[in-house]
Amino acid sequence: MDNLQQESWQLELIISGFVIFLLIGGWPVVTGLESDLRLLLTDDRGYMPVFFLYMTGRTAYLSLLICLIVHVVMRGLWIAAVGLRSVSGEIDYRALQFRDRYEDWLQRRIGSFDDYLLRLEQYCSVLFSIAFLILFCFLSLGSWALFMIAVQEGISWVTGTELSNNTGVFRGGGWLTGVLFLLSVLYFIDFATLGFFKRNRYTARPYYYLYRFMGWITLARLYRPLYYNLIDQRFGRRLARLLPVFIFLILCIVSVKMVKYAYYPAFIQDGSAFIDSGSYMDEGEWNSIRLHQATLESRFPDHDYVEVFVPYLPTTDNDVLRAIDPGLAVSRYTGMKLEGAFTVGTQSNAKASNDSLLLAFDALHKVSLNGSAAGVKPRFHTHSVREQPGLLYMVPTHDLPPGEHAVRVQNRYLDNGNLEWNEGYRIYFYK
């Protein structure tokens, strides 16, 4: 083990370089999952815990990448210093011919070059461990949040009460959620203070049970050996006290956004003053953040029709469809099914009427052209680029004069049980 420790810097560099290569290569795949998860959220808000776990994991992914890059830079500095030491030896302060005041200060602040190398070695080795410790801290945060959500869902199921639309840790779980949150704060204080409650004779005994309980919730067994081996010596304790600061800085780094263009409108609103490239499928890459937005095939249609695609958003549209036609039969039985080696569960409803469904969907949206009703009947359509189901309106344009034209899409919504029309969204095209 001693020999392995002496040569560990080589393993650190190999692993860091290899992992950085893999993390950078896998980043497009990780970000690509966001689109699929946002599609799930448009179907059911119950997938929010999955989305939250994904975002936590993505932040942990970035934190590991950032820490390993810093580690490689630090280890590179250490190798450069070792190389310089082999050429020039120790620092000869007398050869610099500085005044005594400067020489004394430099000797106190810098010391010998060998001490500098040892400090760099310590920083590099500990930073490599902290990179994975921070990763596990983010995973613990995600595990804790999932537990809190599971408790609230359980309370909702037992009591028969509906949770609020808030997606945070307080979604209507009642007093039990508040108690768990306070206990979690105590656990975090103990973690940040390197074991204050475990050292205090008055709190050590009652805190033991909370410590074991929170350890299961936060998956602490993954990182406790690293954590305690880090804080059992003075240098490690100094860095461990900065661990919450490191995590906060990483969260700030991944949240940084440069805001520009002071007088340019920040919100598109109804589209009346914007030519938004995201409204046209032939301009740039499709952004999953726009899943709720209607789109045109092109800003410059090259035929006598303009394709208007309006997405189907089950989380908001299902309640409206039931209000439009209370007797409307579902076409699919949603939920987890098995199909393949085993087929369990019925997926489609043979009694559903496509004509009735299309009639209800037609009453859900209103499409107008230049201020007048488009007067076209929609058809069900799954968009090949958006990978999203919805309605396709083929609006004729052969009678339109050359120039700018506007398509406006309005949707119905429920307001205290009453069906209302929203202001809608305008998309321009040119003939």
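At-a-glance table
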read-out	value
Cα-projected label distance for ASP415 with LEU210, points at 7 Å along beta-carbon direction, nm	4.8 nm
FRET efficiency estimate (nearest 0.05) - Cβ-Cβ, ILE15 to ARG94, R0 45 angstrom	0.60
Expected 222 nm ellipticity per residue - DSSP helices of 4 or more, -39500 (n - 2.57), all of the chain, to 500	-17500 deg cm²/dmol
Ranked packing of 98-105, 251-258, most packed first, by mean Cβ within 10 Å	98-105, 251-258
Nearest-0.05 FRET efficiency for ALA192 and HIS383, computed from C-beta distance (R0 56 Å)	0.70
Point-to-point label distance, PHE267-THR346, nm (Cα→Cβ direction, 7 Å offset)	4.5 nm
Accessible surface, per residue, of the chain when the full set of protein chains is kept, probe 1.4 Å, Å²	63 Å²
Centre separation in Å (Cα based) which lies between segment 24-74 and segment 237-313	17 Å
Most to least packed among 62-70, 109-117 [average Cβ atoms within 10 Å]	62-70, 109-117
Rounded to whole Å, sorted largest first: equivalent-ellipsoid semi-axes of segment 182-277, Cα gyration tensor	44, 17, 12
Listed values (1) 1.14; (2) 1.00; (3) 1.37, entry calculated as Cα Rg over 2.2 N^0.38 Å	(3)
Anchor LYS351: lysines whose Cα lies under 30 Å away (excluding residues fewer than 8 positions away in-chain)	LYS337, LYS366, LYS377
Percentage, to the nearest whole number, of Cα pairs in segment 68-133 over 15 Å apart	59 percent
DSSP H segments from the chain that extend 24 Å or more along their own axis, Cα-based, with Kyte-Doolittle mean of -0.5 or above	8-43, 48-88, 113-159, 175-192
Percent of beta bridges antiparallel (DSSP, the chain, rounded to nearest 5)	95 percent
FRET efficiency for LEU182 and PHE132, using Cβ-Cβ distance with R0 set to 30 Å, rounded to 0.05	0.55
Highest average packing first - 182-188, 38-44, 88-94, Cβ atoms within 10 Å	38-44, 182-188, 88-94
Convex hull per residue volume in Å³, alpha carbons only, for segment 1-126	166 Å³
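The values are calculated or read from the model by the stated rules, or taken from the named source; none is laboratory data. Remember, it's a predicted structure, so these values are computed and weren't measured experimentally. With ideal geometry, Cβ positions are generated from the backbone for all residues, glycine too; neighbour counts draw on all protein chains shown. Just the protein is used for accessible areas: all its heavy atoms, side chains included, with ligands, DNA and RNA removed. Shrake-Rupley method; radii C 1.70, N 1.55, O 1.52, S 1.80 Å.
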